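Scroll down for the structure; my scribbles are underneath it.
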Amino acid sequence: MKKILIILLLILPSVYGRAQGVNQAAAPDSIKAVGIIKNLSDSALLDVVQRQTFRYFWDYAHPVSGLARERSNKSFDYGDEVVTMGGSGFGIMAIIVATDRKWITREQADDRMVKIVNFLYKANSFHGVFPHWMNGATGKVIPFGRKDDGGDLVETAYLFQGLLCARQYYNHDNPKEERIRAVINWMWNDIEWDWYTQGKDVLYWHWSPNNGWAMNFPIHGFNECLITYVLAASGTHFPVSADVYHKGWAQGSFFKNGNSYYGYKLQLGFPYGGPLFFSQYSFLGLNPKGLKDEYADYWQQNLNHTLINRAYCIANPKKYQGYGANSWGLTASDNYEGYNAHSPTNDLGVITPTAALSAFPYTPEYSMQALRHFYYDLGDKIWGPYGFTDAFSQSHNWYAKNYLAIDEGPIVVMIENYRTGLLWKLFMSCPEVQGGLKKLNFQSPQIN
């Protein structure tokens, strides 16, 4: 186990950070199991799953800030005040879905979004970059590690993936929506993307006023961080050059792959593709359909990554109980030991529902098979008031009781992108994003 964690420290810093101090205590008493609705059509089942999962970001949001709590159990013994920037970005996108599907009124959404942006505007930031965690009542940074008490560029990119979608969606001519757009623009314009290069041709993940560049983690590809480079190139006042992308991101030791696994060729990334969140987090807003650059066709990359992950679970070389064509999906999540980045090369017998469900745009038939299995066959163990709990391992007779923001959010968003493309349309309509993609020589049918 220690060896695995050391490897994760080297290649998956975001996972390392999320793993710290996980308390596997039971979820709050207010979380009770809810019943399964029988004989739903595919469309009706998607409605149920999206709406129930959205409740994590609506009912369970921090009451002061409106931001997403890190998890439904205690984070690093900090209690209920911990809110997460990446999960909040995903949650903002879920609120857009809820508005569009009329689960909440537009006025309710406006009020929540005004609360969120006003809070963020006054919260701690570091050269315009937000920390990974902050106190949802005060806006003060909560250290994510001993030296990680400043800006987190990747989490901020996830946050602004959501905020830019919100700016595009809440476009009515009234004081609340004008306020939403204005504050998002102010915060967007304040992000000093170029500061986080240290004057070099690569982005660095962290900077702290107390510890400076001590964490010293350059962001190389290929992993979940593509959106960080796209937004950094898209910055209005402090963007980075195309050289930062080509000489930093595209020069990682695990950037190019070119091998085939189970008959599927993987253009980029780790052997077997790594955890499935690599093909999901950056693509909640960034539309992979037709998206290409000199390195990859990102639709094919993400599709094959997903198919490799599923094929591995069907092959099940370690003979874990419960793996199969309708029960697949290895990604970062809680497990019976704590937290880990599950993948074909780091398989601990843990299936994480968000992995298959957030792959709906890529593998709708296979994702629906998994959804029906999770809901109808395992629902008495893993279904609750915020949708599916985080993960399960039938081999270890372990079923999570808790929820994580970064795992719940993509379920709502990627199912919606499969159904209507809503978040993809909003994000790709941003003129700044269009400019950034052009700067980096991306091709896409959505680039004007």
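Could you tell me which of the pairs Lys247/Lys438; Lys102/Lys176; Lys102/Lys401; Lys247/Lys439; Lys200/Lys439; Lys115/Lys176 are separated by over 21 angstrom between their Cα atoms in the structure shown?
Correct reply: Lys102/Lys401.
Can you give me the distance in nm between label points at Asp377 and Asn216, each placed 7 Å from the Cα along the Cα-to-Cβ direction?
4.9 nm
With all protein chains present, calculate the accessible area of Phe270 using a 1.4 Å probe and round the result to the nearest 10 Å².
30 Å²
Would you look at the GNM of the chain, springs on alpha carbons closer than 10 Å, and say which of Pro131, Pro275, Pro385 moves the most?
Pro385
Leaving ligands, DNA and RNA out of it, rank Met368, Met215 by accessible area with a 1.4 Å probe, largest first.
Met215, Met368
Counting only the heavy atoms of the protein chains, how much of Thr99 is accessible to a 1.4 Å probe, in Å² to the nearest 10?
10 Å²
If you take the beta carbon distance between Ser43 and Val64 as r and set R0 to 45 Å, what does 1/(1 + (r/R0)^6) give as a FRET efficiency, to the nearest 0.05? Write out the running numbers ahead of the final one.
Working: r = 37 Å, r/R0 = 0.81.
Given R0 = 45 Å and the Cβ-Cβ separation, E is 0.75.
Students sometimes get this wrong: rank Lys425, Lys147, Lys176 by accessible area, probe 1.4 Å, all chains present, largest first.
Working: Lys425 135, Lys147 110, Lys176 75 Å².
Solvent-accessible surface, decreasing: Lys425, Lys147, Lys176.
Figure the gain on full extension for Glu178 and Tyr399 (residue separation times 0.36 nm, minus the Cα-Cα span) and round it to one decimal in nm.
75.1 nm is the gain from fully extending Glu178 to Tyr399.
What shape does region 308-383 take by its C-alpha gyration tensor, where a ≥ b ≥ c are the square roots of the eigenvalues and a/c under 1.5 counts as rounded, a/b above b/c as prolate, and the rest as oblate?
Values: a/c = 1.44, a/b = 1.20, b/c = 1.21.
Cα axes put region 308-383 in the rounded bin.
Can you find, among Pro275, Gly150, Gln251, the residue farthest towards the positive end of the dipole of the chain? Put +1 on the C-beta of Lys and Arg, -1 on that of Asp and Glu.
My answer, from the dipole projection, is Pro275.
Order the following by accessible area, largest value first: Trp186, Trp133, Trp207. Probe radius 1.4 Å; ligands, DNA and RNA are ignored.
Details: Trp186 110, Trp133 5, Trp207 45 Å².
Descending order: Trp186, Trp207, Trp133.
Which of Gln168, Gln321, Gln267 ends up with the largest GNM mean-square fluctuation for the chain, with Cα atoms connected below 10 Å?
Among Gln168, Gln321, Gln267, the largest GNM mean-square fluctuation belongs to Gln321.
Using a cut-off of 14 Å between beta-carbons, work out the net charge of the residues near Asp100 (Lys and Arg +1, Asp and Glu -1, Asp100 not included).
Result for the local shell: +3.
Just Glu365, Glu81, Glu224 to compare: in a GNM of the chain, with alpha carbon springs under 10 Å, which one fluctuates most?
Comparing Glu365, Glu81, Glu224 in a Gaussian network model of the chain, the most mobile one is Glu365.
Hey, what's region 395-448 come to in accessible area per residue, 1.4 Å probe, Å²?
Accessible area per residue: 36 Å².
With a/c under 1.5 counting as rounded, go ahead and sort the chain into rounded, prolate or oblate using the C-alpha gyration tensor (a ≥ b ≥ c being the square roots of the eigenvalues; past the cut-off, prolate if a/b is larger than b/c, else oblate).
Here the chain falls in the rounded category.
Only helical DSSP H runs with n ≥ 4 go in: add -39500 (n - 2.57) per run for the chain, normalise by residue count and round the 222 nm mean residue ellipticity to 500 deg cm²/dmol. Each step should come with its number before you reach the end.
Working: 16 runs with 182 residues, N = 448.
Calculated at 222 nm, the ellipticity per residue is -12500 deg cm²/dmol.
How many percent of the accessible area of the chain is carbon or sulfur, using a 1.4 Å probe?
Taking all protein chains in place, the chain shows 49 percent carbon and sulfur surface.
Between beta-carbons, use under 13 Å as the cut-off and find the net charge around Asn326, counting Lys and Arg +1, Asp and Glu -1.
0
What is the spin-label model distance, in nm, from Ile447 to Lys319 if the labels are put 7 Å beyond Cα along the C-beta direction?
Once both label points are built, they end up 5.0 nm from each other.
All other residues with a Cβ under 12 Å from the Cβ of Arg181 taken together, and with Lys, Arg as +1 and Asp, Glu as -1, what is their net charge?
Taking every other residue near Arg181 into account, the sum is -1.
If one computes the Cα centroid of region 165-229 and of region 62-140, what distance in Å separates the two points?
16 Å
The values are calculated or read from the model by the stated rules, or taken from the named source; none is laboratory data. Everything quoted here is computed from the prediction, not taken from an experiment. Neighbour counts run over all protein chains shown; Cβ positions are idealised from the backbone, glycine included. Protein only, heavy atoms only, side chains kept; ligands, DNA and RNA dropped before computing areas. Shrake-Rupley method; radii C 1.70, N 1.55, O 1.52, S 1.80 Å.
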